[in-house]
1. Among the residues of segment 52-91, which ones are aromatic (F, W, Y) and farther than 19 Å from A36 by Cβ?
2. Pull out all pairs, ordered by first then second residue, where Cβ-Cβ is under 8 Å, the residues are six or more apart or on different chains, the first lies in segment 1-29 and is closer than 17 Å to W88 by Cβ, and the second is surrounded by fewer than 10 Cβ atoms within 10 Å (Cβ to Cβ).
3. Report every pair of residues separated by at least 6 positions or lying on different chains whose Cβ atoms are under 6 Å apart, first residue within segment 58-76 and without any contact (Cβ under 8 Å) to a residue 40 or more places away in the chain, second among the small types (G, A, S).
4. Taking the residues in segment 20-47 that are surrounded by fewer than 14 Cβ atoms within 10 Å (Cβ to Cβ) and part of a loop (DSSP other than H, G, I, E, B) as candidates, determine which candidate is modelled with the lowest pLDDT.
Amino acid sequence: MSVRPEPAFEAPWHAQVFALTVAMNEAGQFAWTEWAETFGATLKTRGLAKELDGGDDYFNAWLEALETILRDKGLAAAADIEQMRAEWEGAYLSTPHGQPVRLPRG
């Protein structure tokens, strides 16, 4: 009997934001030490003193840290980040359970 390994990420978007962050680091957009400092500051600001299990709380903080780097480095305007966040929220709220989430323009 083969045992199926547990997925490394709870949700597809967790894997996607992780992969995007790694790809941006590998492309030289920011140093990993800069990422670690920004992510650590985000966790501290959010007051996440409990042990994180890699779920939504952890990856929401991860996304917030990535957005901070995008703004601070001038890679994306704050208004563009907020617009994209709103578009994603509208898309996932209107997507039937089990279906892939798609942005209206894409």
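The values are calculated or read from the model by the stated rules, or taken from the named source; none is laboratory data. Given the structure is predicted, the values throughout are model-derived calculations rather than measurements. Methodologically, a virtual Cβ is constructed for each residue, glycine included, from the backbone with ideal geometry; neighbour enumeration extends over all protein chains shown.
1. W88
2. Pairs found: A15/A8.
3. Once the first residue is without any contact (Cβ under 8 Å) to a residue 40 or more places away in the chain and sits in segment 58-76, its partners that are among the small types (G, A, S) give L70/A76; R71/A78.
4. G47
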